[in-house]
1. If ligands, DNA and RNA are left out, what is the accessible area of Ser170 with a 1.4 Å probe, given in Å² to the nearest 10?
2. How high is the FRET efficiency from Glu337 to Glu202, r the C-beta distance, R0 22 Å, rounded to 0.05?
3. Could you work out how much longer the chain between Ala288 and Ile122 gets when fully extended? Use 0.36 nm per residue separation minus the Cα distance between them, nm to one decimal.
4. What does the charge dipole of the chain about its Cα centre add up to, to the nearest 20 debye, if the Cβ of each Lys and Arg holds +1 and the Cβ of each Asp and Glu holds -1?
5. Given that compact globular proteins tend to follow 2.2 N^0.38 Å, what is the ratio of the alpha-carbon Rg of the range 42-141 to that value?
6. Would you please give the FRET efficiency between Leu164 and Asp258, computed as 1/(1 + (r/R0)^6) with r the Cβ-Cβ distance and R0 = 22 Å, to the nearest 0.05?
7. For the range 259-272, take each phi angle, set θ = phi - 60°, evaluate the Karplus expression 6.51 cos²θ - 1.76 cosθ + 1.60, and give the result in whole Hz per residue in order, putting x for glycine and proline.
8. Taking the C-alpha atoms of the range 132-222, how large are the radius of gyration and the largest Cα-Cα span, Dmax, in Å?
Amino acid sequence: MTDRSREETDLRRYETVLESLEDGVYAVDPDGIIVYVNDRYAEMKNTGREELLGTHIYEWATDEAARKARRARETVDAGDRDVGVIEYDFQTADGETFPVEMRFARVPEDDGIDRVGVIRDITDRKRNEEELRRKNERLDEFASIVSHDLRNPLNVATGRLELLREECDSSQIDDIERAHDRMRSLVDDLLTLARAGDELDEAERVELAAIARAAWRNVATRDATLRVDGDLAFSADESRLEGLLENLIRNAIEHGGDEVTVTVGALADGGFYLEDDGPGIPEDHREAVFESGYTTVEGGTGFGLSIVEQVAEAHGWGVHVTEGTGGGARFEVRGVEPAE
């Protein structure tokens, strides 16, 4: 096979690959004249390939799209990036537009082609992003209702209950107070779930032992005991991490009793764990414990471990439950990168 025949075979092979793509592909010369488009690109433009070839690439773009492309080209030309990436409204030959992502790169040492680009229709992605935005707005509205419209009457009811306690002595007052406490716990957990989401404050260097002891002080631990087995330094949102440990500690005391021993330590292969010497969690219940509302304790909200999973995932970690060394529950958080 001659060199020319080999080049023609390679060219046909490349064209076959490009024509099979679901994304639009184009190539332009140093003057910005279109020298190649695949069928998908022509389809996206809603015109024929022959109408596109030989025309300037910006003839088919909106002014805003052209400005974005020029700025991205300047960044690539300056050597700041190898590939230019922009999102813009792609304009068809009929003047219709839809959102796309374009990636382009220079073609070195080629007299006929200056750069090539790939254009992807991101209509579905943008629609999903908009839907997520609306859901987040609804969550914010829900959190506001919980924070104000539920807390205020609850505070009034608590105040009235204290006055009632001064006026009479009834065992039912204690039942009412416990109901108030449960409502307050539900409000706090629902606010955490609704507002926290995947958002984190700036990560900072933290030490597991110090955070565990701080979390322990924030929980009503009664006669329970905390043991710290080793330490680990890593990057995390300190406040969210402390909340994660608080929920695990609270869960251990709720299920293990007032005198449970809770151990927090570093895992030998990365990450950390918290385990207790309580009754443990049956194997067939271990996946369900992270579901919102799941609880086996009277008075529990069922949101604590869901919050734990949410905080872990927001950091890019994974959390799972297994059996502890003493038969109790053991929660392991993995994917934690140690600080240098």
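1. 40
2. Values: r = 16 Å, r/R0 = 0.72.
About 0.90, to the nearest 0.05.
3. Working: separation 166, 0.36 × 166 = 59.76 nm, distance 3.54 nm.
Here the answer is 56.2 nm.
4. Numbers: 41 positive and 80 negative charges, 61 e Å.
Charge dipole, the chain, about its Cα centre: 300 debye, nearest 20.
5. Details: Rg = 16.5 Å, N = 100, 2.2 N^0.38 = 12.7 Å.
Ratio of Rg to 2.2 N^0.38 Å for the range 42-141: 1.30.
6. Working: r = 29 Å, r/R0 = 1.32.
Calculated value: 0.15.
7. 9, 5, 9, 10, 10, 10, x, 8, 7, 5, 9, x, x, 8
8. Cα radius of gyration and Dmax of the range 132-222 are 18.2, 53 Å respectively.
The values are calculated or read from the model by the stated rules, or taken from the named source; none is laboratory data. Just so we're clear, the structure is a prediction, and the values are computed from it rather than from any experiment. Quick reminder, even Gly has a Cβ in these numbers, built from the backbone with ideal geometry, and neighbours come from all protein chains shown. These accessible areas exclude ligands, DNA and RNA; they are computed on the full protein's heavy atoms, side chains included. Shrake-Rupley method; radii C 1.70, N 1.55, O 1.52, S 1.80 Å.
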